[in-house]
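The values are calculated or read from the model by the stated rules, or taken from the named source; none is laboratory data. Quick caveat, the model's predicted, so the values are computed rather than measured. FYI the Cβ positions are ideal-geometry reconstructions off the backbone, even for glycines, and counts take in every protein chain you see. Side chains are part of the model used for accessible areas, which takes the heavy atoms of the whole protein and leaves out ligands, DNA and RNA. Shrake-Rupley method; radii C 1.70, N 1.55, O 1.52, S 1.80 Å.
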Amino acid sequence: MSRGPATGEEGADGGTGRDGTGQDMEPRVMPNGWSRFLLLQVLCSASHATPATGAGLLHPPSDVSVDSVNMKHRLTWRPPEVSCATVSYSVQFQGEFELRILNGSWEEVQACQRIGACVCDLSDHLASDSDYELRVRAECGGAVSRWARPAMPFNRKQTRLAPPALSIHTTGSSAQVHFPDLPPALHLFLTHWQRGDELRASTVWVSVEERPFLLSQLQEGATYCLRAQIQLPGSNRSASSDTHCFSIAGACRCASPWFTAHYCVF
(Lines give C-alpha, C1' and ligand atoms only; values in the text may rest on other atoms or scores of the structure.)
Protein backbone atom coordinates (compact mmCIF):
# COMPACT_ATOMS: atom_id res chain seq x y z
CA MET A 1 0.00 0.00 0.00
CA SER A 2 1.43 3.37 -0.99
CA ARG A 3 1.59 6.21 1.57
CA GLY A 4 -0.19 9.50 1.01
CA PRO A 5 1.42 12.90 1.09
CA ALA A 6 3.17 14.04 4.29
CA THR A 7 0.98 15.69 6.94
CA GLY A 8 1.77 18.86 8.82
CA GLU A 9 2.51 16.83 11.96
CA GLU A 10 5.06 14.65 10.16
CA GLY A 11 6.86 17.56 8.46
CA ALA A 12 8.04 17.88 4.87
CA ASP A 13 10.22 14.81 5.11
CA GLY A 14 7.23 12.59 5.91
CA GLY A 15 8.67 11.78 9.33
CA THR A 16 11.72 9.99 7.82
CA GLY A 17 14.30 12.24 9.52
CA ARG A 18 15.97 13.03 6.17
CA ASP A 19 16.30 16.30 4.27
CA GLY A 20 15.51 16.92 0.66
CA THR A 21 18.72 15.23 -0.47
CA GLY A 22 17.83 12.02 1.33
CA GLN A 23 20.57 12.48 3.88
CA ASP A 24 20.03 12.16 7.63
CA MET A 25 19.50 15.44 9.44
CA GLU A 26 21.41 16.15 12.67
CA PRO A 27 19.31 17.54 15.54
CA ARG A 28 20.02 21.22 16.11
CA VAL A 29 20.99 21.70 19.74
CA MET A 30 21.47 25.21 21.06
CA PRO A 31 24.76 25.54 22.94
CA ASN A 32 24.40 25.70 26.72
CA GLY A 33 26.00 29.13 26.86
CA TRP A 34 23.56 30.53 24.34
CA SER A 35 20.55 29.07 26.17
CA ARG A 36 21.73 30.61 29.40
CA PHE A 37 22.21 33.97 27.70
CA LEU A 38 18.67 33.99 26.30
CA LEU A 39 17.25 32.98 29.68
CA LEU A 40 19.10 35.78 31.42
CA GLN A 41 17.92 38.23 28.79
CA VAL A 42 14.29 37.23 29.43
CA LEU A 43 14.65 37.50 33.19
CA CYS A 44 16.48 40.79 32.92
CA SER A 45 13.81 42.24 30.64
CA ALA A 46 11.08 41.17 33.03
CA SER A 47 12.80 42.60 36.07
CA HIS A 48 13.45 45.95 34.39
CA ALA A 49 10.02 46.41 32.90
CA THR A 50 8.15 49.40 34.24
CA PRO A 51 5.20 48.01 36.22
CA ALA A 52 3.26 51.27 35.97
CA THR A 53 2.72 50.68 32.25
CA GLY A 54 1.30 47.20 32.81
CA ALA A 55 4.20 45.68 30.85
CA GLY A 56 6.25 42.85 32.27
CA LEU A 57 5.81 40.99 35.52
CA LEU A 58 5.42 42.75 38.85
CA HIS A 59 7.26 40.82 41.50
CA PRO A 60 5.10 39.62 44.41
CA PRO A 61 5.71 40.59 48.04
CA SER A 62 8.30 38.51 49.88
CA ASP A 63 8.83 37.15 53.41
CA VAL A 64 5.10 36.78 54.00
CA SER A 65 4.45 35.64 57.57
CA VAL A 66 1.95 35.81 60.43
CA ASP A 67 2.79 37.54 63.71
CA SER A 68 0.26 36.35 66.31
CA VAL A 69 0.34 37.33 70.00
CA ASN A 70 -2.57 36.84 72.40
CA MET A 71 -4.97 36.09 69.55
CA LYS A 72 -4.01 39.24 67.68
CA HIS A 73 -3.10 38.03 64.18
CA ARG A 74 -1.21 40.27 61.78
CA LEU A 75 -0.04 39.32 58.31
CA THR A 76 3.22 41.05 57.36
CA TRP A 77 5.36 41.10 54.22
CA ARG A 78 8.23 42.90 52.50
CA PRO A 79 7.51 45.06 49.46
CA PRO A 80 8.82 44.08 46.03
CA GLU A 81 11.38 46.16 44.21
CA VAL A 82 9.44 48.24 41.72
CA SER A 83 10.13 51.34 39.65
CA CYS A 84 6.77 53.05 40.11
CA ALA A 85 5.98 55.51 42.86
CA THR A 86 3.05 53.88 44.66
CA VAL A 87 2.46 50.19 45.41
CA SER A 88 -0.72 48.88 47.02
CA TYR A 89 -1.54 45.47 48.47
CA SER A 90 -4.62 43.28 48.79
CA VAL A 91 -5.10 40.36 51.19
CA GLN A 92 -7.37 37.29 51.05
CA PHE A 93 -7.93 34.30 53.31
CA GLN A 94 -9.37 30.80 52.96
CA GLY A 95 -10.46 28.71 55.93
CA GLU A 96 -12.17 25.36 56.21
CA PHE A 97 -15.57 26.97 55.63
CA GLU A 98 -14.45 28.64 52.40
CA LEU A 99 -12.65 25.49 51.29
CA ARG A 100 -15.39 22.94 51.93
CA ILE A 101 -18.67 24.83 51.96
CA LEU A 102 -17.92 27.64 49.51
CA ASN A 103 -16.14 25.38 47.00
CA GLY A 104 -12.63 26.65 47.60
CA SER A 105 -13.40 30.34 47.33
CA TRP A 106 -11.22 33.08 48.81
CA GLU A 107 -12.55 35.87 51.01
CA GLU A 108 -11.26 39.41 50.76
CA VAL A 109 -10.19 41.21 53.91
CA GLN A 110 -12.17 44.38 53.30
CA ALA A 111 -9.92 46.57 55.45
CA CYS A 112 -6.86 45.32 53.53
CA GLN A 113 -7.74 46.01 49.90
CA ARG A 114 -5.32 48.26 48.00
CA ILE A 115 -3.60 49.43 51.17
CA GLY A 116 -0.19 51.06 51.29
CA ALA A 117 1.06 49.44 54.51
CA CYS A 118 2.84 46.08 54.65
CA VAL A 119 0.69 44.74 57.47
CA CYS A 120 -2.92 43.51 57.71
CA ASP A 121 -4.83 42.81 60.93
CA LEU A 122 -6.67 39.48 60.60
CA SER A 123 -7.80 39.15 64.22
CA ASP A 124 -11.52 39.46 63.42
CA HIS A 125 -11.39 37.14 60.42
CA LEU A 126 -9.64 33.99 61.69
CA ALA A 127 -12.52 33.05 63.96
CA SER A 128 -12.14 29.26 64.17
CA ASP A 129 -9.44 26.77 65.12
CA SER A 130 -9.09 25.51 61.55
CA ASP A 131 -6.10 26.01 59.27
CA TYR A 132 -6.16 29.15 57.17
CA GLU A 133 -4.44 29.84 53.88
CA LEU A 134 -3.45 33.49 53.53
CA ARG A 135 -2.21 35.40 50.53
CA VAL A 136 -1.25 38.91 49.47
CA ARG A 137 -0.44 40.47 46.13
CA ALA A 138 0.97 43.79 44.97
CA GLU A 139 -0.48 46.22 42.47
CA CYS A 140 1.36 49.04 40.76
CA GLY A 141 -0.29 51.07 38.07
CA GLY A 142 -1.78 48.58 35.64
CA ALA A 143 0.30 45.62 36.79
CA VAL A 144 -0.67 43.04 39.38
CA SER A 145 1.72 40.51 40.89
CA ARG A 146 1.15 36.84 41.61
CA TRP A 147 -0.21 35.92 45.01
CA ALA A 148 2.37 35.33 47.74
CA ARG A 149 1.68 33.14 50.78
CA PRO A 150 3.32 32.24 54.08
CA ALA A 151 5.36 29.06 54.03
CA MET A 152 2.71 27.17 56.04
CA PRO A 153 -1.03 27.52 56.72
CA PHE A 154 -1.84 29.38 59.92
CA ASN A 155 -3.95 28.16 62.83
CA ARG A 156 -4.85 30.59 65.57
CA LYS A 157 -3.94 27.94 68.17
CA GLN A 158 -0.33 28.76 67.25
CA THR A 159 -0.64 32.23 68.80
CA ARG A 160 2.04 33.17 71.32
CA LEU A 161 0.87 34.05 74.80
CA ALA A 162 2.35 37.12 76.46
CA PRO A 163 1.60 38.54 79.93
CA PRO A 164 -1.68 40.48 79.71
CA ALA A 165 -1.70 44.23 80.23
CA LEU A 166 -3.98 45.68 82.88
CA SER A 167 -4.75 48.98 84.58
CA ILE A 168 -6.46 49.75 87.90
CA HIS A 169 -8.73 52.71 88.70
CA THR A 170 -9.94 53.20 92.30
CA THR A 171 -13.08 55.04 93.38
CA GLY A 172 -13.99 55.12 97.05
CA SER A 173 -13.95 51.54 98.33
CA SER A 174 -14.00 49.99 94.83
CA ALA A 175 -11.47 49.30 92.10
CA GLN A 176 -12.02 48.69 88.40
CA VAL A 177 -9.52 46.45 86.63
CA HIS A 178 -9.23 47.09 82.88
CA PHE A 179 -7.72 44.70 80.33
CA PRO A 180 -6.99 46.70 77.18
CA ASP A 181 -6.81 44.89 73.83
CA LEU A 182 -7.54 41.47 75.29
CA PRO A 183 -9.52 39.39 72.74
CA PRO A 184 -12.61 37.55 74.01
CA ALA A 185 -11.26 34.24 72.66
CA LEU A 186 -8.83 33.99 75.60
CA HIS A 187 -9.88 32.85 79.05
CA LEU A 188 -9.08 35.34 81.80
CA PHE A 189 -8.54 34.63 85.50
CA LEU A 190 -7.94 37.24 88.18
CA THR A 191 -6.33 36.48 91.54
CA HIS A 192 -6.54 39.17 94.23
CA TRP A 193 -5.66 39.42 97.93
CA GLN A 194 -4.97 41.92 100.68
CA ARG A 195 -1.29 42.60 101.08
CA GLY A 196 0.25 40.38 103.74
CA ASP A 197 -2.50 37.80 103.43
CA GLU A 198 -1.75 36.07 100.12
CA LEU A 199 -2.66 32.67 101.57
CA ARG A 200 -6.27 33.82 101.47
CA ALA A 201 -6.12 34.95 97.85
CA SER A 202 -9.25 34.56 95.75
CA THR A 203 -9.23 33.57 92.06
CA VAL A 204 -12.19 34.28 89.77
CA TRP A 205 -12.88 33.64 86.10
CA VAL A 206 -13.64 36.94 84.38
CA SER A 207 -16.10 36.60 81.51
CA VAL A 208 -16.14 38.99 78.57
CA GLU A 209 -19.28 40.65 79.95
CA GLU A 210 -17.50 41.36 83.25
CA ARG A 211 -14.65 43.31 81.70
CA PRO A 212 -13.63 45.69 83.17
CA PHE A 213 -13.86 43.74 86.42
CA LEU A 214 -15.13 45.47 89.56
CA LEU A 215 -13.67 44.78 93.01
CA SER A 216 -16.04 46.26 95.61
CA GLN A 217 -16.35 46.57 99.38
CA LEU A 218 -12.62 46.98 99.85
CA GLN A 219 -11.31 48.04 103.22
CA GLU A 220 -10.40 51.70 103.58
CA GLY A 221 -6.72 52.31 104.14
CA ALA A 222 -5.79 48.78 103.05
CA THR A 223 -3.50 47.76 100.21
CA TYR A 224 -4.57 45.07 97.76
CA CYS A 225 -2.63 43.12 95.17
CA LEU A 226 -3.76 41.23 92.10
CA ARG A 227 -2.43 39.20 89.21
CA ALA A 228 -4.09 38.33 85.89
CA GLN A 229 -3.66 35.11 83.94
CA ILE A 230 -4.77 34.31 80.39
CA GLN A 231 -5.25 30.80 79.04
CA LEU A 232 -5.65 29.46 75.54
CA PRO A 233 -8.92 27.46 75.39
CA GLY A 234 -8.43 23.74 74.90
CA SER A 235 -4.81 23.78 76.05
CA ASN A 236 -2.71 24.19 79.17
CA ARG A 237 -0.82 27.15 77.75
CA SER A 238 -1.08 30.29 79.84
CA ALA A 239 0.68 33.54 80.70
CA SER A 240 0.50 35.66 83.86
CA SER A 241 0.98 39.34 84.47
CA ASP A 242 3.21 40.83 87.12
CA THR A 243 1.70 41.50 90.53
CA HIS A 244 0.05 44.92 90.78
CA CYS A 245 -0.76 46.53 94.14
CA PHE A 246 -2.96 49.52 94.94
CA SER A 247 -4.23 51.26 98.05
CA ILE A 248 -7.73 52.31 99.09
CA ALA A 249 -7.86 55.79 100.57
CA GLY A 250 -8.78 55.90 104.24
CA ALA A 251 -11.36 58.12 105.94
CA CYS A 252 -10.42 61.68 106.89
CA ARG A 253 -8.50 61.69 110.13
CA CYS A 254 -8.34 65.25 111.53
CA ALA A 255 -5.79 66.17 114.19
CA SER A 256 -8.35 68.33 116.06
CA PRO A 257 -12.12 68.56 115.81
CA TRP A 258 -12.01 72.24 114.86
CA PHE A 259 -9.77 71.61 111.81
CA THR A 260 -11.55 71.90 108.49
CA ALA A 261 -11.46 69.21 105.82
CA HIS A 262 -8.69 71.08 104.00
CA TYR A 263 -6.29 70.02 106.74
CA CYS A 264 -7.25 66.36 106.75
CA VAL A 265 -4.64 63.82 105.58
CA PHE A 266 -5.14 60.41 104.01
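For Cα pairs less than 8 Å apart in space and 6+ apart in sequence, what is the mean separation divided by the residue count of region 165-244, i.e. the relative contact order in percent? Once normalised by length, the contact order is 32 percent. Note on Ile168 and Arg195: their simple-model spin labels are 0.9 nm apart, each label 7 Å out from Cα toward Cβ. The order of His192, His59 by accessible area, most exposed first and with a 1.4 Å probe, is His59, His192. Each residue, Gln217 and Ala185, gets one label point 7 Å from its Cα in the Cβ direction; the gap between the two is 3.8 nm.
Summing Lys and Arg as +1 and Asp and Glu as -1 over all other residues whose Cβ lies under 9 Å from the Cβ of Ser145 gives a net charge of +1. Applying the criteria of a DSSP loop state and at most 13 other Cβ atoms within 10 Å to the trypsin sites (Lys or Arg not before Pro) of region 51-118 yields Arg114. Relative to one another, the C-alpha centroids of region 234-248 and region 159-173 are positioned 8 Å apart.
How much net charge surrounds Asp121 when only other residues with a Cβ under 12 Å from its Cβ are counted (Lys, Arg +1; Asp, Glu -1)? My count for the surroundings of Asp121 gives -1. Coupling constants for region 227-236 follow from the phi torsions by the Karplus curve (6.51 cos²θ - 1.76 cosθ + 1.60, θ = phi - 60°), and in residue order they are 8, 9, 10, 10, 9, 7, x, x, 9, 9 Hz; glycine and proline get x.
Structural descriptor for region 96-239: relative contact order 19 percent, calculated from alpha carbon pairs under 8 angstrom and at least 6 residues apart. With the simple model of a label 7 Å out from the Cα in the direction of the Cβ, Gln113 to Gln158 spans 2.7 nm.
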